[in-house]
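Asker: Mind having a look at this structure? Questions to follow.
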Amino acid sequence: MRKLKLFLGPQHPGMHGNAAIHMYVEGDIIKKSYLLPGMLHRGFEKGMERHSFVNNISLIPRVCVVEPDINELAFAMAVEKLADLKVPERAEWIRMIIMELARISIHLMAYGGLGGPTGNYTLMYHAHADRNTILGFFERITGHRVYHQYIVPGGVRKDLPNDGIEADILDFLTDLENRYDEYRDLGIENPTLLARIKDTILLPEEVVWELGVTGIGMRSAVNKPYDIRKKMPYCKYDEVEFNVPVSNYSDARSRVDLKLKEVVQSIRIIRQCIDKMPEGKVRVPIAQGQSMRWTVPKGHVYSVVESSRGEFGYYMVSNGGTHPYRVGVRGASYPQGLLGIEKYMPGTRIDDAALWVDTMGVCSPEIDR
Amino acid sequence: MKSTKFSELTQEQIDRKWWEIGDFFRRNSLWMLMYCTGCCAIELPPAMTSAYDMERLGMGPMATPRQADVLLVTGYLSLKTLRRLIYTYEQMSEPKYIVGFGSCTINGGIYHDSHAVINQLDRYIPVDVYVAGCMPNTESVMNGFVDLMTLIKNKQANGWIKYKENNDWYKQNQKEALGEVKIKDEFHE
Amino acid sequence: MNSMNNVTTIKELVTKKITVLKEEVIDQYQVSFEVKKDDVHHLLSVLKQAGWRQLSYLSAVDWIEDNEFELVYIVFNWEKPVHIQIRCRIDRNAPTMDTILPIYPGAKYYEREAHEFFGIAFPGNDSHEKQLILENWDDIPPLRKDFDPKAYSDARFPKREYSNDHVEMNGQKESKQAKREERRTHILDLIKGGKK
């Protein structure tokens, strides 16, 4: 059979983000494939060295486009560990609300994105409408829809607005929860879609350990609650009750299923947060108004946050100056995005490639930085 | 029977009339190319779906550059993307329009000192409309599209003509920044 | 308190087998060991045997004043949740480090990226010299401290000079800039007040 060289992306409706998959096919079976990253390279790690700790707050959310808050939290946690800052309790709870709202929004977006490669556009319209409501909440809380710059070292930028935002969030969550079954029926319980996503794109447990996949990919394969929020709780995740959905068979369907189940758990967490949140300050002042000249003690620290795709980490080195000496970003989709596509995409069909990228959760901006 | 009024027009004027008619239809059915070059593309799904519903302006996504009218440059352009963007732009059929999103396409924005990101997009390809902001919210994105339609109506969206007329200048700039404009895809193997 | 026990077990495990130059407990979920370059592979295989099966991060830090690169390996164990940083210094003039691919296959692209951004060679990793993220790069590796991205950007990518060649959508209205400036100076005057 004739061998062909094909590109999926960067300009392709099935490709999420600006990256390309370069593949050699025989018939419709992929024989060899590579990810071509780097089209979103902005030189972040260099840029962060050139900005002071405070200036970096505006730079970091842009590392991962779809989920900016994990960057802010991971960066803030790294600085707090280095500078030994104690975050006020209310700020921790507000951070959790923001993180879980962001998790719902990204899971909805990924779930709607499933409509792209499978041709089920109704899903996309539903999911994006709900995501838009969450972005509206973000706008009310932080003033921005996508890049919030809200979680800063020492707390959060300002308190929740005093316009009944908590009640609105709770209303929305109840509404979303009521439509949970509808969402399932539209997507993963839908027979036409099910035939497409069931038993494709398998991820066995050995592969998880070989690549170093984390997050939903890992939990869907190893059947254990390997979640940073449970294993090494940050913020106040040890004071709320939630389950980590797992499964022991990882195909495209079970990974999407886990995403939906996580949405329910996130709703549970937000309710408890709003319930338990104390009054008080939300930010400790750093350096008494001299924040541009704020120095952070020497040290090197790695801080991790559970993102929707897995372990998202910042490695930060400070040499005692106003600027970080080196900031390294561990993108959560680095293992499956680069090594996974090279090693485990060959053998699947061409039409599965877009689905592969979608359900494995490959996010190109955090690979390129 | 010959229409007396029509016969008075020169061929050039008749062509212009046809362009006006063409522009009317064109601006009311703009196909935008689905190419997310940067982070501002994250505000496109809300614009496309039920919240803002781009289709009421007559805009829709198009998968191939050959059938698309509008190229959305959504945000910063690294050199690697710029090569592919030029390649994509030259494939599009005329008339073609470019909307530049975010402050990165205008003057480099937050990445003005980065080693990988260009600072000024309209040195490399012509831009018709800029949407400012980092990132521009969906309302301004929609407003940018309406602006593009007005520009087409007023015959001011002539970036593609500029690109043809000053092709040497654009090519020279592309060469200066990129070194080599041609894409080599075999480096990965 | 269980997690603090993890840290002590790790300390025992590591110090028994390897001479540690410097050790640091960052918190109950993170320890850091600085070791010699030759001990890294041994230490990593010991840790992998003990359950630290996941390579979380691999990168380098450029200590230009000491003329050294510092390689950082971060491994993680999901059963005993402790991140272990393993750091070693290598010479900056001819930076080489043997690959850790046999121990952690996931390191392939991390090493390739470290080569691209720092110029560290990883013999044993066949593909480490190919470009990954940058394309047609013609300068020194960009994450080295002596590379100045601003100078590079200024030389290659011209900045916009603001002139009036753009189309103004509301051209007939006059600019509000002067009024705004006036208001601002007025407010500033008010803030200053009379007293000095």
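Asker: Please find, among A:L85, A:L59, the residue that is outside any helix (DSSP H, G or I), farther than 30 Å from A:K198 by Cα and in contact (Cβ under 8 Å) with a residue 12 or more places away in the chain.
Answerer: Sole residue among the options that is outside any helix (DSSP H, G or I), farther than 30 Å from A:K198 by Cα and in contact (Cβ under 8 Å) with a residue 12 or more places away in the chain: A:L85.
Asker: Would you say B:K171 is out of contact with any strand residue (DSSP E or B) (no Cβ under 8 Å at 6 or more places or on another chain), touching a residue at least 24 places away in the same chain (Cβ under 8 Å) and charged (D, E, K, R)?
Answerer: Judged against the criteria, B:K171 is not a match.
Asker: Among the listed residues C:A94, C:A121, which satisfies the condition of being closer than 25 Å to C:N136 by Cα, away from chain A (no Cβ under 11 Å) and in contact with a helix residue (DSSP H, G or I) (Cβ under 7 Å, 6 or more places away or on another chain)?
Answerer: C:A121
Asker: Here is a follow-up. Would you tally the residues in the stretch B:132-189 being within 14 Å of chain A (Cβ to nearest Cβ) and either outside any helix (DSSP H, G or I) or at pLDDT 85 or above (or both)?
Answerer: Kept after step one, since they are within 14 Å of chain A (Cβ to nearest Cβ), are these residues of the stretch B:132-189: B:133-142, B:178, B:183-189.
Filter once more, keeping what is either outside any helix (DSSP H, G or I) or at pLDDT 85 or above (or both): B:133-142, B:183-185, B:189.
Total meeting the criteria: 14.
Asker: Separate question: Quick one: B:K155 ticks every box in (1) buried (at least 19 other Cβ atoms within 10 Å of the Cβ); (2) in contact (Cβ under 8 Å) with a residue 24 or more places away in the chain except a single one, so which number is it?
Answerer: So the condition that B:K155 fails would be (1).
Asker: Out of everything in the stretch C:65-89 that is assigned to a strand (DSSP E or B), without any contact (Cβ under 8 Å) to a residue 40 or more places away in the chain and among the aromatic types (F, W, Y), what residue ends up being nearest to C:L47 (Cα to Cα)?
Answerer: Ranking the qualifying residues of the stretch C:65-89, first place goes to C:F76.
Asker: Can you tell me which residue is nearest to the other protein chains (Cβ to nearest Cβ) among those in the stretch B:32-43 that are among the aliphatic types (A, V, I, L, M) and farther than 11 Å from B:T138 by Cα?
Answerer: B:M34
Asker: Regarding A:D352, is this residue assigned to a helix (DSSP H, G or I), out of contact with any Lys or Arg (no Cβ under 8 Å at 6 or more places or on another chain), more than 14 Å from chain C (Cβ to nearest Cβ) and buried (at least 18 other Cβ atoms within 10 Å of the Cβ)?
Answerer: Values: assigned to a helix (DSSP H, G or I): yes; out of contact with any Lys or Arg (no Cβ under 8 Å at 6 or more places or on another chain): yes; more than 14 Å from chain C (Cβ to nearest Cβ): yes; buried (at least 18 other Cβ atoms within 10 Å of the Cβ): yes.
Criteria met by A:D352.
Asker: While we're here: Check B:S93, B:S103, B:S114 and return the single one that is more than 10 Å from every other protein chain (Cβ to nearest Cβ) and surrounded by 22 or more Cβ atoms within 10 Å (Cβ to Cβ).
Answerer: Testing whether each residue is more than 10 Å from every other protein chain (Cβ to nearest Cβ) and surrounded by 22 or more Cβ atoms within 10 Å (Cβ to Cβ) leaves just B:S103.
Asker: Give A:D181, A:D199 a once-over and let me know the one that is part of a loop (DSSP other than H, G, I, E, B) and surrounded by fewer than 18 Cβ atoms within 10 Å (Cβ to Cβ). Walk me through how you get there before you give the answer.
Answerer: Numbers: A:D181 fails: part of a loop (DSSP other than H, G, I, E, B).
The unique qualifying residue is A:D199.
Asker: Go through the stretch A:111-136 and give me each residue that's among the hydrophobic types (A, V, I, L, M, F, W, C) and either facing chain B (nearest Cβ under 10 Å) or touching a Cys at 6+ places or on another chain (Cβ under 7 Å) (or both).
Answerer: A:M124, A:A127, A:A129, A:L135 - these are the residues of the stretch A:111-136 that are among the hydrophobic types (A, V, I, L, M, F, W, C) and either facing chain B (nearest Cβ under 10 Å) or touching a Cys at 6+ places or on another chain (Cβ under 7 Å) (or both).
Asker: Scan (1) surrounded by fewer than 24 Cβ atoms within 10 Å (Cβ to Cβ); (2) touching a helix residue (DSSP H, G or I) at 6+ places or on another chain (Cβ under 7 Å); (3) within 21 Å of A:Y24 (Cα to Cα); (4) not polar (S, T, N, Q) for the single condition A:H323 breaks and write down its number.
Answerer: Of (1) surrounded by fewer than 24 Cβ atoms within 10 Å (Cβ to Cβ); (2) touching a helix residue (DSSP H, G or I) at 6+ places or on another chain (Cβ under 7 Å); (3) within 21 Å of A:Y24 (Cα to Cα); (4) not polar (S, T, N, Q), only one is false for A:H323: (3).
Asker: Restricted to the stretch B:79-90, and to residues that are farther than 19 Å from A:P13 by Cβ and touching a helix residue (DSSP H, G or I) at 6+ places or on another chain (Cβ under 8 Å), which residue is farthest from the other protein chains (Cβ to nearest Cβ)?
Answerer: Applying the filter and picking the extreme gives B:I86.
Asker: Counting only residues that are more than 7 Å from chain A (Cβ to nearest Cβ) and in contact (Cβ under 8 Å) with a residue 40 or more places away in the chain, how many does the stretch B:44-66 have?
Answerer: Of the residues in the stretch B:44-66, 6 are more than 7 Å from chain A (Cβ to nearest Cβ) and in contact (Cβ under 8 Å) with a residue 40 or more places away in the chain.
Asker: Would you confirm whether or not the stretch B:124-131 contains a residue that is touching a Ser or Thr at 6+ places or on another chain (Cβ under 8 Å), at pLDDT 85 or above and facing chain C (nearest Cβ under 9 Å)?
Answerer: Quick first cut of the stretch B:124-131, residues touching a Ser or Thr at 6+ places or on another chain (Cβ under 8 Å) only: B:127, B:130-131.
Pick out the ones that are also at pLDDT 85 or above and you get B:127, B:130-131.
If we keep only those that are facing chain C (nearest Cβ under 9 Å) too, we end up with B:130.
Checking the stretch B:124-131: at least one residue is touching a Ser or Thr at 6+ places or on another chain (Cβ under 8 Å), at pLDDT 85 or above and facing chain C (nearest Cβ under 9 Å).
Asker: Could you look through the stretch A:287-336, keep only residues that are more than 11 Å from chain C (Cβ to nearest Cβ) and among the aliphatic types (A, V, I, L, M), and pick out the one that is farthest from C:D62 (Cα to Cα)?
Answerer: Checked the stretch A:287-336; the qualifying residue farthest from C:D62 (Cα to Cα) is A:A287.
Asker: Could you identify the single residue in A:I104, A:I57, A:I70, A:I29 that is under 17 Å from A:R157 (Cβ atoms), among the β-branched types (V, I, T) and away from every other protein chain (no Cβ under 14 Å)?
Answerer: On the way: A:I104 fails: under 17 Å from A:R157 (Cβ atoms); A:I57 fails: away from every other protein chain (no Cβ under 14 Å); A:I29 fails: under 17 Å from A:R157 (Cβ atoms).
Result: A:I70 is the single residue among A:I104, A:I57, A:I70, A:I29 that is under 17 Å from A:R157 (Cβ atoms), among the β-branched types (V, I, T) and away from every other protein chain (no Cβ under 14 Å).
Asker: Might you let me know whether the stretch B:69-78 holds any residue that is at the interface with another protein chain (Cβ under 10 Å from one of its Cβ atoms), surrounded by fewer than 22 Cβ atoms within 10 Å (Cβ to Cβ), small (G, A, S) and in contact with a helix residue (DSSP H, G or I) (Cβ under 8 Å, 6 or more places away or on another chain)?
Answerer: Within the stretch B:69-78, not a single residue is at the interface with another protein chain (Cβ under 10 Å from one of its Cβ atoms), surrounded by fewer than 22 Cβ atoms within 10 Å (Cβ to Cβ), small (G, A, S) and in contact with a helix residue (DSSP H, G or I) (Cβ under 8 Å, 6 or more places away or on another chain).
Asker: Within 22 Å of A:S333 (Cβ to Cβ) and buried (at least 24 other Cβ atoms within 10 Å of the Cβ), is that true of A:L59?
Answerer: no
Asker: Could you list all residues from the stretch B:62-109 that are in contact with a Gly (Cβ under 9 Å, 6 or more places away or on another chain), of a type in the set (K, R) and under 19 Å from A:S364 (Cα atoms)?
Answerer: Selection gives B:K80 alone.
Asker: Moving to a separate point now. Applying the selection to the stretch C:112-130, what residues are polar (S, T, N, Q) and modelled with pLDDT under 80? Show your work before the answer.
Answerer: Initially, the stretch C:112-130 is screened for residues polar (S, T, N, Q), giving C:125, C:127.
Passing the criteria: only C:S127.
Asker: Only one of these is aliphatic (A, V, I, L, M), modelled with pLDDT of 85 or more and within 20 Å of the chain's Cα centre (by Cα): A:I169, A:I134. Name it. Can you show your working first?
Answerer: Working: A:I169 fails: within 20 Å of the chain's Cα centre (by Cα).
The unique qualifying residue is A:I134.
Asker: Any residue that is within 28 Å of A:G164 (Cα to Cα), within 12 Å of another protein chain (Cβ to nearest Cβ) and touching a Ser or Thr at 6+ places or on another chain (Cβ under 6 Å) - is there at least one of those in the stretch A:80-88?
Answerer: No - not one qualifying residue is present in the stretch A:80-88.
Asker: For C:H128, are the conditions met, namely being more than 12 Å from every other protein chain (Cβ to nearest Cβ) and surrounded by 20 or more Cβ atoms within 10 Å (Cβ to Cβ)?
Answerer: Yes.
Asker: Among the candidates A:M39, A:M96, A:M15, which residue alone is surrounded by 21 or more Cβ atoms within 10 Å (Cβ to Cβ), in contact with a Lys or Arg (Cβ under 8 Å, 6 or more places away or on another chain) and either small (G, A, S) or away from chain C (no Cβ under 14 Å) (or both)?
Answerer: It is A:M96.
Asker: Shifting gears a bit: Looking only at the stretch C:139-160, which residues are in a loop (DSSP other than H, G, I, E, B) and either at the interface with another protein chain (Cβ under 7 Å from one of its Cβ atoms) or polar (S, T, N, Q) (or both)?
Answerer: Those that are in a loop (DSSP other than H, G, I, E, B) and either at the interface with another protein chain (Cβ under 7 Å from one of its Cβ atoms) or polar (S, T, N, Q) (or both): C:P142, C:L143, C:F157, C:P158, C:K159, C:R160.
The values are calculated or read from the model by the stated rules, or taken from the named source; none is laboratory data. Not measured: the values here are computed from a predicted model. Note that each Cβ is placed from the backbone with ideal geometry, even for glycine, and that neighbours are counted across all protein chains shown.
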